[in-house]
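Have a look at the structure below, then the notes.
Any read-out appearing in this document is the output of simple, stated calculations on the displayed coordinates, not a laboratory observation. As the structure is a prediction and not an experimental result, all values here were calculated from the model. Cβ: placed from backbone, ideal geometry, glycine included. Neighbour counts: every protein chain shown.
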Amino acid sequence: MANPTKSPAVQAYNKHRDEQRAGQKDPLDEGLEDTFPAPDPVSGAQSTTTITQDPNAVVDEERYPLVEDALRTKGEIGKSGDDRDGIGAFRRDASRLSDQASEVASGAVAVGKDEAKSVLQSIEDIVRERPLTAVGIVAALAWFWGATR
């Protein structure tokens, strides 16, 4: 029964608590339990098997011939010896990265120049608005600089 002196939130909490005590499960909890099974137990044992390189093992090129063909048609790998080891792909990536780095550097220089122009323009505006204050500041800085030398 609802108690008119308790807020709806307290009433819902009490009802939920009573259902849990009675052993009734919330449909949401049941759904979550059915959706997420318990994880497998973690094994404390460690493997002592050593892995050795088999000289008769199949190389990647023989195991995945379709991947090699697809990469070759896309130009990711070529037929030269360098591309077999992936050196060609590394060279192409390095070339792309150097191009991007030079673009970023030139953009940073342009931004720096624009920022310097904007600071210089704001200083000029302040000097034009208050010329006597600017002369006083420059005189004080010149005196301080001369006194410390």
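Order of 86-99, 110-123 by packing, highest average Cβ count within 10 Å first?
Working: 86-99: 11.8, 110-123: 10.1.
Sorting 86-99, 110-123 by mean packing, highest first, produces 86-99, 110-123.
Modelled label-to-label distance, Ser102 and Tyr13, 7 Å Cα→beta-carbon offset: nm?
6.7
What does the convex hull of the Cα atoms of the range 103-149 come to per residue, in Å³, rounded to a whole number? All intermediate terms of the calculation are to be shown ahead of the outcome.
Numbers: hull volume 3.2 nm³, N = 47.
Here the figure is 69 Å³ per residue.
So how much slack lies between Arg130 and Thr73, counting 0.36 nm per residue of separation and subtracting their Cα-Cα distance, in nm? Let's see the in-between values first.
Details: separation 57, 0.36 × 57 = 20.52 nm, distance 6.95 nm.
Fully extending the segment from Arg130 to Thr73 adds 13.6 nm.
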